[in-house]
Amino acid sequence: MKKVLKHLLWIIPSILVIAVVSLASYAAMARSTDSSYHSKLQKTIQVSSKSFQNEQEIPVEFSCKGKSTAPAVQWTKPVDGAKSYALITMDWDAPSPSLRLFPITHWVLYNIPPDMTEIPEGSTNADLTRSKIVPGLNIAGQPGYAAPCPPLGTHRYEFRIYALDTEQVQPASNDRAGLLKSMEGHVLGYGELVGLKSP
């Protein structure tokens with residue numbers, strides 16, 4: 001029995017190390033793929049928010065410690081020829097900026113009408129659907145906004161707006177990966193707003 005316990009004491013930490021290394025490699029590969037995807041796009045849209053300033057702390061009401069209210073997102077420089085917009089919000093710093101193990105998708109919206117230049121603060125899935133916007137799946141596998149809830153360190157939350165040359169996209173899967181795939185060849189330009197959040 002003691003021999004078995006000794007083996008377990010050696011095996012379990014090894015398994016944990018392998019798991020952490022594998023997750024870190026996956027996160028790094030996902031981030032590299034994302035960077036490569038966006039390097040081919042023109043960054044021509046100016047994105048801002050009435051809820052927080054770029055590169056500044058996101059107020060608590062928009063986090064899991066507050067009301068988990070969806071923040072406002074505006075884009076002030078529409079792209080000529082845009083027939084719809086999409087929004088993706090990501091956190092690449094989970095669980096900590098010093099130990100990135102998995103990317104988190106916080107918000108996915110698509111088929112945003114071309115005459116819209118704002119997602120109002122506090123928008124619910126029902127509000128968005130009435131505007132013919134499709135809420136995609138977040139990290140929890142649910143449609144709509146998943147509020148920031150960082151456990152360690154200061155996380156960066158990227159709110160990206162994409163202008164598309166098509167009125168509608170129909171992703172094979174209703175999530176970030178499906179949306180990015182369906183947008184290939186249709187992106188006229190994009191812009192980014194970054195919010196910060198600490199525990």
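Give Pro143, Pro199 a once-over and let me know the one that is without any contact (Cβ under 8 Å) to a residue 60 or more places away in the chain, in contact with a helix residue (DSSP H, G or I) (Cβ under 9 Å, 6 or more places away or on another chain) and within 23 Å of Ser51 (Cα to Cα). Step through it out loud before you land on a result.
On the way: Pro199 fails: in contact with a helix residue (DSSP H, G or I) (Cβ under 9 Å, 6 or more places away or on another chain).
The conditions single out Pro143.
Scan the stretch 70-125 residue by residue and report those that are acidic (Asp, Glu), over 13 Å from Arg160 (Cα atoms) and touching a Ser or Thr at 6+ places or on another chain (Cβ under 9 Å).
Of everything in the stretch 70-125, those that are acidic (Asp, Glu), over 13 Å from Arg160 (Cα atoms) and touching a Ser or Thr at 6+ places or on another chain (Cβ under 9 Å) turn out to be Asp93, Glu121.
Among the residues in the stretch 99-116, are any of a type in the set (Ser, Thr, Tyr) and more than 15 Å from the chain's Cα centre (by Cα)?
Checked the stretch 99-116: no residue is of a type in the set (Ser, Thr, Tyr) and more than 15 Å from the chain's Cα centre (by Cα).
For Thr44, are the conditions met, namely being touching a helix residue (DSSP H, G or I) at 6+ places or on another chain (Cβ under 6 Å) and at pLDDT 80 or above?
no
Thr129 fails exactly one of the following numbered conditions: (1) modelled with pLDDT of 95 or more; (2) touching a strand residue (DSSP E or B) at 6+ places or on another chain (Cβ under 6 Å). What is the number of that condition?
(2)
Give the residue that is most open to solvent (accessible area, probe 1.4 Å), with candidates limited to residues of the stretch 122-139 that are within 16 Å of His106 (Cβ to Cβ) and among the hydroxyl-bearing types (Ser, Thr, Tyr).
In this case the residue turns out to be Thr124.
Going by the structure shown, is Gln74 open to solvent by 10 Å² or more (accessible area, probe 1.4 Å), in a loop (DSSP other than H, G, I, E, B) and either modelled with pLDDT of 95 or more or not polar (S, T, N, Q) (or both)?
Criteria not met by Gln74.
Here are the criteria: (1) open to solvent by less than 80 Å² (accessible area, probe 1.4 Å); (2) under 28 Å from Ser32 (Cα atoms); (3) without any contact (Cβ under 8 Å) to a residue 12 or more places away in the chain. Tell me which single one Pro59 does not satisfy.
(2)
Ile119 is checked against (1) under 20 Å from Ser68 (Cα atoms); (2) surrounded by fewer than 20 Cβ atoms within 10 Å (Cβ to Cβ) and fails just one. What number does that condition carry?
Result: Ile119 fails condition (2) only.
What number of residues within the stretch 177-195 are of a type outside the set (S, T, N, Q), open to solvent by less than 30 Å² (accessible area, probe 1.4 Å) and not in a strand (DSSP E or B)?
Matching residues across the stretch 177-195 total 4.
Please work out if Pro97 is open to solvent by 30 Å² or more (accessible area, probe 1.4 Å), of a type outside the set (A, V, I, L, M) and within 16 Å of Val169 (Cβ to Cβ).
Numbers: open to solvent by 30 Å² or more (accessible area, probe 1.4 Å): yes; of a type outside the set (A, V, I, L, M): yes; within 16 Å of Val169 (Cβ to Cβ): no.
Here the answer is no, as Pro97 does not meet what is asked.
Going through the stretch 149-174 one residue at a time, which ones are touching a helix residue (DSSP H, G or I) at 6+ places or on another chain (Cβ under 7 Å), hydrophobic (A, V, I, L, M, F, W, C) and open to solvent by 80 Å² or more (accessible area, probe 1.4 Å)? Before you say what the answer is, go through the steps one by one.
So the first thing to find is which residues in the stretch 149-174 are touching a helix residue (DSSP H, G or I) at 6+ places or on another chain (Cβ under 7 Å), and the list is 162, 164, 169-172.
In the following step, the residues that additionally are hydrophobic (A, V, I, L, M, F, W, C) were identified as 164, 169, 172.
Selection gives Ala172 alone.
For the stretch 87-104, give me each residue that is closer than 19 Å to Leu152 by Cβ and not small (Gly, Ala, Ser).
Met90, Asp91, Trp92, Asp93, Pro95, Pro97, Leu99, Arg100, Leu101, Phe102, Pro103, Ile104, listed by residue number.
The values are calculated or read from the model by the stated rules, or taken from the named source; none is laboratory data. Being a predicted model, the structure only gives us computed values, none of them experimental. Cβ: placed from backbone, ideal geometry, glycine included. Neighbour counts: every protein chain shown. Surface accessibility is based on the protein's heavy atoms, side chains included, excluding ligands, DNA and RNA. Shrake-Rupley method; radii C 1.70, N 1.55, O 1.52, S 1.80 Å.
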